[in-house]
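The values are calculated or read from the model by the stated rules, or taken from the named source; none is laboratory data. Predicted model, so just to flag it, every value in this text is computed and none were measured. Reconstructed Cβ throughout: ideal geometry from the backbone, glycine too, with neighbour counts over all protein chains shown. Areas reflect the complete protein model, heavy atoms only, side chains present, ligands, DNA and RNA absent. Shrake-Rupley method; radii C 1.70, N 1.55, O 1.52, S 1.80 Å.
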Amino acid sequence: MNTQLTIRHSSRLHGTLTVPGDKSISHRALILGSLARGQNRVRGWLAAGDTLATLGAIRSLGIDVQRRGNDLTFRGGTLSRSLGHVNCMNAGTAMRLLVGLLAGQPFETTLDGSDQLRKRPMRRVVDPLRAMGANITETEGRAPMTIRPAPLVGMEHRLKVASAQVKSAILLAGLQAQGTTTVIEPGPGRDHTERMLAAMGANITVNGTFVTVDSGEVSLAPLELTIPGDLSSAAFLIVAATLLPGSTIQIDGVGLNPTRTGLLDALRRMGADISIEATSEEAGEPVGTLRICGSGLRGTEVGGAEVVRAIDELPILAVAATQADGDTVIRDAAELRVKEVDRIGMLAQELRKLGAEIEEQDDGMIVHGPTKLHGAQVNSHGDHRLGMALAVAGLVAEGETCVEDADSIGDSFPGFAESLAKLGAEIG
Ligand code: S3P
């Protein structure tokens, strides 16, 4: 399917809304919940392309998940022989976490995915799991991968790349291994797995960048959880409201995990008018309300630890930077090249069609601002975040912008266009 999204230059946005559930937490609720002893109850689950792939996978592993809209109920405990073949579609998080889960299971499974997912690097997850004893065959470091039963032993791993997916896969294997497993991160990465495991009563300790799990005799308690709204989806609305003068919007019930809030820090440094109010906590995750008013921006530098805390938001940050006074430098972000697509090369290529001035770097980009954008025909290249970033650029651009291959947006943010339209944007 190749759907198109048409966006016209819009004036101010106004209104209050929520965004769909957090994608990272939705994947984890299914995967970690499948190991829990008892009935899991999950509300606010994200029903999107990527997480539906995880739902299909968990069901094919013998877990009877009942779904009513965004609510899931399912009894975890014992996984059973799968259909032998699990399709993770475009979902890198599903595939990488499932390898860790399946490494400790007494049956054989093959994990595969779309052509897009088959291009993504898997050695980063396979190598540490093999060191624990896992029996995995891959296809030149990529999917398809076959995981066969093997006894696992805990060990200490120092991550080469800052990746929460790899960390989570090792922790999942560690829960099923003999002894203790420790992951040492290069810096603080997203920690939803740790928070959820702690809430489930696992033997997990976090000490700075050291995360340790002990399989022990502890059985995991089932989840009773309402998933907060996804800050990575809210990011597109936040930048849209910031860039359209006179806007005032409010987003309720958003996850505010500090390992995810790099975009808010960078935008505020650029002069954005964003107020953040934490209101509650869900399974160890802070949740709150964001209020955003339109404002002018100035260029900034984003690198180091902040990049890890904003990795999925860098495409939309680049769109914000096209409207900022002066240069914005994004560095230390080479990981962007191995996301759904090469998010440095493809973003620069597509934003240039709208008139942006972007210099590509090996590990990031320099965005020269401010530039007057003009409507054009652009393409998401099958990448949800690229599609949404281009749509927001289209709201700012003069005239009409057409984003092709826009169905990819449904991988993480179903109702994206409707949410913007509700706030007054001309999109459809
Ligand atoms: C995710 C981790 C990040 C992020 C991805 C979701 C997760 O990837 O980009 O969208 O849920 O663990 P890496 O682990 O590759 O950094």
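Some points to look at:
- Computed from point charges on the beta carbon alone (+1 for Lys and Arg, -1 for Asp and Glu), the dipole magnitude for the chain about its Cα centre is near 840 Debye.
- Each peptide among 172-183, 330-341 gets the average number of other Cβ atoms lying within 10 Å of its residues, and from highest to lowest they stand as 172-183, 330-341.
- Here each label is just a point 7 Å from Cα along the line to Cβ, and for Arg67 and Thr279 those points are 2.6 nm apart.
- The Cα atoms of segment 23-226 define a convex hull whose projected area, averaged across directions, is 9.6 nm².
- Solvent-free Debye scattering, log10 I(q)/I(0), computed from the Cα coordinates of the chain at q = 0.07, 0.10, 0.14 Å⁻¹: -0.32, -0.65, -1.26
- Gaussian network model of the chain, Cα within-10 Å springs - most flexible of Gly415, Gly208, Gly262: Gly208
- In terms of distances greater than 26 angstrom between alpha carbons, the cross-link table entries Lys339/Lys422; Lys167/Lys353; Lys23/Lys353; Lys119/Lys160; Lys119/Lys422; Lys160/Lys353 yield Lys339/Lys422; Lys167/Lys353; Lys23/Lys353; Lys119/Lys422; Lys160/Lys353.
- Gain on full extension, evaluated as 0.36 nm per residue between Glu140 and Ala198 minus their Cα-Cα distance, stands at 17.3 nm.
- Among Gly253, Gly104, Gly345, the largest mean-square fluctuation in a Gaussian network model of the chain (Cα springs under 10 Å) belongs to Gly345.
- Ellipticity estimate at 222 nm from DSSP helix runs (n ≥ 4, -39,500 (n - 2.57)) divided over the chain, nearest 500: -9000 deg cm²/dmol
- Between amide H atoms placed 1.01 Å from N, distances below 5 Å from Val302 occur with Val329, Ile330, Arg331, all of them 5 or more places distant or on a separate chain.
- Under the Karplus curve 6.51 cos²θ - 1.76 cosθ + 1.60, θ = phi - 60°, whole-Hz ³J(HN,Hα) for segment 104-111, x wherever Gly or Pro sits: x, 9, x, 8, 9, 9, 10, 9
- Estimated FRET transfer efficiency (Arg37, Val161; beta-carbon r; R0 35 Å; 0.05): 0.55
- Think of a 1.4 Å ball rolled over the protein heavy atoms: the chain then has 36 Å² of accessible area per residue.
- Between Asp363 and Glu108, the modelled labels are 4.2 nm apart [label points 7 Å from Cα along Cα→Cβ].
- Straight-line cross-link partners of Lys372 among the aspartates and glutamates, defined as a Cα under 13 Å from its Cα and at least 8 positions apart when in the same chain: Asp325, Glu357, Glu398.
- Rh by Kirkwood over Cα pairs, then Stokes-Einstein D for segment 218-319 at 0.692 mPa s and 37 °C, µm²/s: 230 µm²/s
- For the chain, carbon and sulfur atoms together expose 47% of the accessible surface, with a 1.4 angstrom probe and every protein chain in place.
- Contour excess over end-to-end distance, with Cα ends at Thr248 and Arg81 and 0.36 nm allotted per residue: 55.0 nm
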